[in-house]
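Novice: My structure is below; once you've seen it, I'll send some questions.
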Amino acid sequence: MRSRNPVFSRRGFSRDNGYAGFNAAPQAGGPAVATQGNPYAQGTQGNPYAQPADNPYAQNPYAQQDLQYGTAPQAPATTGRMTMDDVVIRTGSTLGVLVVTAALAWALLPVDDANIGRSYGIGIGAALIGMVLALVQSFKRKASPALILSYAAFEGVFLGVVSSVVDNRIADGAAMQAVIGTMAVFAGVLIAYKAGWIRVNRRFYGFVMAAALGFVFLMMVNLLFAVFGGGDGLGFRSGALGVVFGIVGVILGACFLALDFKQVEDGLAYGAPREEAWLAAFGLTLTLVWIYLEFLRLIAILNSND
């Protein structure tokens, strides 16, 4: 699982031993670019996009220097390569499907005393289907827009039901607060990343992944104690300790966003094909859902009467 999002560990956004660009070496006349093992480093062995002979974009008939007029060589053709517009459009489409299905679930699946059991059951079922679809996509070699959008639809149903439960039964306005918090984290991390305040390197990656593994392990232990021992397990998701773990979860989500931004940036720099924009959208959606749920859980804990 790369950058928490397993999708980024597949072909297109990482290499087997780490993140593209971590051990970057300066190139003549250009930015630092990793070469060894980098799937996007042009001309390196094992790079699926390293301009093979059968690549229709390998030879640009207009890239030859005009000796008569002394013009400089032109850049290679970029047709079929992923662009930032592709990432934005695919991410917007995926999040749009998620938001629409969440709104429909909120409106059509009431959480009053008479219907909460049925609605919550549908929400949990949708979450399980969404998880399966996410795992299938994560282990596919190529992006499948149908799978990604289906995941967003089912995940939206789950988020709609859970948000309605928290908003109507625990903390009024919790859903909007969680949305605003998620947007604020996204904007803050993006600004910090673009300004260079966050340096995504191998040390950063190792720290984040170690923290994430520890966090998930503790949550699994807490869940097991809750299932077999009753109550709230070890108390990692309630009270003061729950607030601490909620804040840690949001911080981890912010770190995952930085890793995701790095992967998108590397994909653009190394000429990933346009279809990889769907993988970028999928990974970013997974991270944003993580952050939203952590905010929602944190708000519920702070407003709980228990």
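Novice: Could you give me the ³J(HN,Hα) list for the stretch 238-249, computed from phi with Karplus coefficients 6.51, -1.76, 1.60 and θ = phi - 60°, whole Hz, x at Gly and Pro?
Specialist: Ordered by residue, 3J(HN,Hα) equals 8, x, 5, 5, x, 4, 4, 5, x, 5, 4, x Hz.
Novice: Express the relative contact order of the stretch 123-174 as a whole percentage, based on alpha carbon pairs under 8 Å and six or more residues apart in sequence.
Specialist: Contact order relative to length: 42 percent.
Novice: So what's the stretch 97-176 giving for Cα Rg divided by 2.2 N^0.38 Å, two decimals?
Specialist: In units of the 2.2 N^0.38 Å rule of thumb, it is 1.17.
Novice: Now for a separate question. Could you grab the relative contact order for the stretch 127-267? Cα pairs under 8 Å, six or more apart, rounded to a whole percent.
Specialist: 18 percent
Novice: At a 1.4 Å probe radius, carbon and sulfur cover how many percent of the accessible area of the stretch 127-216?
Specialist: Here carbon and sulfur together make up 71 percent of the probe-accessible area.
The values are calculated or read from the model by the stated rules, or taken from the named source; none is laboratory data. Just so we're clear, the structure is a prediction, and the values are computed from it rather than from any experiment. Only protein heavy atoms, including side chains, enter the accessible area calculation; ligands, DNA and RNA are left aside. Shrake-Rupley method; radii C 1.70, N 1.55, O 1.52, S 1.80 Å.
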